[in-house]
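Student: I am attaching a structure below and will ask some questions about it afterwards.
The values are calculated or read from the model by the stated rules, or taken from the named source; none is laboratory data. Treat the numbers as computed from the prediction; the structure is a model and nothing was measured. Every residue, glycine among them, receives a Cβ derived from its backbone with ideal geometry; neighbour counts consider all protein chains shown.
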């Protein structure tokens, strides 16, 4: 039994829950940009809000009639690019575009065919090392991968794609010097939170399994990498060339 006086109980204990039927359940998921190869040897680029990692496997959810799904059916190589929060306008410019012509009827109203999505989004490509689809220049993390299993989800409306990551590229500014570890204070994914874009907030703590322990220089001090100055500069990502989508 909780015997604490009412005035000391957390405010959220008094919250009332409602039964609702939201149209989507994107409760804070990372955005990825998938580059795949088209049938004519050109390349497609698509934003995806359903992706998660399990070891070296990245699982992706796709619409069945999208051009990315079409490409992966016969050309399984791809690059999973993770944009920074500052790149959200470029991501949003991609949102109403499709590489399918004619536009599939399942696409939302206002979606249009675009053969050169890199240019339309104001993004540029750079060569990959192990796969044909290019990486998205400017994305801090780029994963060269191969789709090893593609299957329908239980609803039949989507595809679940299991990819195996073959090579990881990381911006040097987010890597702990001399290691293979991403600095979690220097890197923030772009988060898709119920169709709104966010970055991460301040660090709250870390898992006991972390391999990048941090040193705090007294109460209220900013966290710093072990062995580095506590007042080191934070990463300032350049804004995309265009500002609207």
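Student: Please go through the range 82-113 and give me each residue that is surrounded by 13 or more Cβ atoms within 10 Å (Cβ to Cβ) and farther than 22 Å from residue 187 by Cβ, ordered by number.
Tutor: Listed by number, the residues that qualify are 93, 95, 96, 97, 98, 99, 100, 103, 104, 107, 111, 113.
Student: Just need a number here: residues in the range 133-170 that are in contact with a strand residue (DSSP E or B) (Cβ under 9 Å, 6 or more places away or on another chain), part of a loop (DSSP other than H, G, I, E, B) and more than 16 Å from residue 82 (Cα to Cα).
Tutor: Number satisfying all stated conditions: 2.
Student: A further question on this structure: Take the conditions out of contact with any helix residue (DSSP H, G or I) (no Cβ under 8 Å at 6 or more places or on another chain) and modelled with pLDDT of 95 or more and apply them to residue 3. Does it pass?
Tutor: Considered against the rule, which asks whether it is out of contact with any helix residue (DSSP H, G or I) (no Cβ under 8 Å at 6 or more places or on another chain) and modelled with pLDDT of 95 or more, residue 3 comes out as no.
Student: Take the range 18-38 and flag every residue that is touching a helix residue (DSSP H, G or I) at 6+ places or on another chain (Cβ under 8 Å) and closer than 18 Å to residue 131 by Cβ.
Tutor: 33, 34, 36, 37, 38
Student: Moving on to the next point. Quickly run through the range 20-34 and pick out the residues that are part of a loop (DSSP other than H, G, I, E, B) and in contact with a strand residue (DSSP E or B) (Cβ under 8 Å, 6 or more places away or on another chain).
Tutor: 26, 31
Student: Related question: If you check residue 66 against the conditions, is it surrounded by 18 or more Cβ atoms within 10 Å (Cβ to Cβ) and at pLDDT below 95?
Tutor: Spelling it out, residue 66 is indeed surrounded by 18 or more Cβ atoms within 10 Å (Cβ to Cβ) and at pLDDT below 95.
Student: Can you find, within the range 17-38, the residue that is surrounded by the most Cβ atoms within 10 Å (Cβ to Cβ) among those that are over 17 Å from the mean Cα position of the chain (by Cα) and under 26 Å from residue 169 (Cβ atoms)?
Tutor: Among residues in the range 17-38 that are over 17 Å from the mean Cα position of the chain (by Cα) and under 26 Å from residue 169 (Cβ atoms), the one surrounded by the most Cβ atoms within 10 Å (Cβ to Cβ) is 37.
Student: Which numbered condition trips up residue 196, out of (1) out of contact with any strand residue (DSSP E or B) (no Cβ under 6 Å at 6 or more places or on another chain); (2) modelled with pLDDT under 50?
Tutor: Unmet for residue 196, out of (1) out of contact with any strand residue (DSSP E or B) (no Cβ under 6 Å at 6 or more places or on another chain); (2) modelled with pLDDT under 50: (2).
Student: Please count how many residues of the range 39-61 are surrounded by 17 or more Cβ atoms within 10 Å (Cβ to Cβ) and out of contact with any helix residue (DSSP H, G or I) (no Cβ under 6 Å at 6 or more places or on another chain).
Tutor: Number satisfying all stated conditions: 7.
Student: Could you tell me whether any residue of the range 200-209 is closer than 17 Å to residue 139 by Cα, in contact with a strand residue (DSSP E or B) (Cβ under 9 Å, 6 or more places away or on another chain) and either at pLDDT 95 or above or assigned to a loop (DSSP other than H, G, I, E, B) (or both)?
Tutor: yes
Student: Could you list, in sequence order, all residues of the range 114-156 that are crowded, with 18+ Cβ neighbours inside 10 Å and within 14 Å of residue 43 (Cα to Cα)?
Tutor: Correct list: 114, 117, 118, 120, 121, 123, 128, 131, 133, 134, 135, 136.
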